[in-house]
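S.K.: I'd like to ask some things about the structure below.
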Amino acid sequence: MGARQSVSVAPSFLNGQIISLHGSQRCIESVQFVSKCTTSLSSKNCFSSVSKFKTSYEHVFHSRDATNIHLSFRAAEEVEVLVNQESINRDLLSRINILKEPYRRPFFLKNCHVETIFAAYFRTLPTVQYRRECLKMPDGGTVALDWPVGGEDANLWTTELPNDAPVLILLPGLTGGSGDTYVRHMALRVKRAGWRPVVFNSRGCADSPVTTPQFYSASFTEDLRQVVNYVANRFLDSRVYATGWSLGANILVRYLAQEGENCILSGAVSMCNPFDLVLADKNFHTGFNNVYDKSLASALKKIFNKHAKLFEGIGGEFDIEKAANPRTVREFDEGITRVSFGFNTVDEYYDYSSSSRSIKDVRIPLLCVQAKDDPIAPAAGIPRADIEANKNCALVVTPGGGHLGWIAGAAAPFGAPWTDPLVMDYLKLLDSLLLSGAGQRKRERQAGDAKLVSVVTVGAKMGVPEPEEAVIR
């Protein structure tokens, strides 16, 4: 990432209006413009308007290259931590510095919609090259594993990792993949920690192949199961962990519960998990959230139409027309998803697939991180009682963050999310505990039917989404 001049932004406020600015005037103007777009709840052109604004100021944001802007005036709020008093997570979380400090975010990003959209458009996009491994699943479907092999900071890629270096599997949200900003920031942090990061791109995501008339869903954990077994067998001497965002987090938590005591992952982190999909669906259709709904439906439409020939003449209850032109995520799920995975109705699919019902069965250390103001994963859906009752689980709730935003901490407003150091610190502490022998167990080779079918190197631009698509992944 290219370097930028460090400036200071010191906003003052009077009746909600910024009255004096120092430093990057256009940085503040961008926030004001995004805020203006989000105040019109019926605006269908919010994302295109923000995109045009960003293009007109490309010399400021430089296509998401690094921008180091220090904000001297921030709101300080407390972070909520909920953990069972007998859990090992209690000790681990007490040793993480970022949780000992107030949550500090720019005052002008207090609106959850502004924060969500600002992160999607203006967060830096690190340059990362991947080695892609395509795996054929037992049903003939294909997923893609992207292993970072190059990018910024040449020294980072020349160091040989030991055979037992821990592995972290990254699960992006719905339609998301290795091209998303939050995924790349985390992949680089994992690599800098001396771990092996790998991005699990689900069927059709990040340009991964679709080889059967079936995508993936919130209810489907078999692909993840095959991927975990494949990675674990490849690195038999390494402990394997996983972290997921949004729908990826929901799938991850359901997988953990299904595996129970037999789970071969050593630990996991769930972020901005919708948990209760019935509630999340209802929330999706209120106010400005309708804009997110249409945007994500558009991303699903793009993936479907790219592979529409696979569904020709499929018959049955499939509604191909609805899947090819969905106005909402629910319409896409009605046309394709609920039929592919054997559900009678969309509501039945959402209810069955909600990971809130899975928390009680998780048997490995799990950290859940949520934002109190998340417009896509509503705080009301967090299974607080089950998390607190489970000795293996812990919950961190930030007062702000939007959805996949978390513009706070030292890297704000353009750098990595506030959650990145929290996740890495938690996993490193957990790994040290396991390495010392607490809960350590020898792992045997796992049964797995996934077959490696191709290996290619993919460029830094592969799978990079349009910001309006990335905004809620």
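S.K.: Mind checking the full-extension length gain between residue 451 and residue 165? Use 0.36 nm per residue of separation minus the Cα-Cα distance, one decimal, nm. Walk me through the numbers before you get to the answer.
M.R.: On the way: separation 286, 0.36 × 286 = 102.96 nm, distance 2.35 nm.
In short, 100.6 nm is gained.
S.K.: Just list whichever of 100/372; 110/301; 191/451; 282/372 have alpha carbons separated by over 20 Å in the model shown.
M.R.: 110/301; 191/451
S.K.: What ranking do 358-370, 422-434, 154-166 get when scored by the average of other Cβ atoms within 10 Å per residue, highest first?
M.R.: 358-370, 422-434, 154-166
Each reported figure results from applying straightforward, stated rules to the coordinates on display, with no laboratory input. These figures come from a predicted structure and were not determined experimentally. FYI the Cβ positions are ideal-geometry reconstructions off the backbone, even for glycines, and counts take in every protein chain you see.
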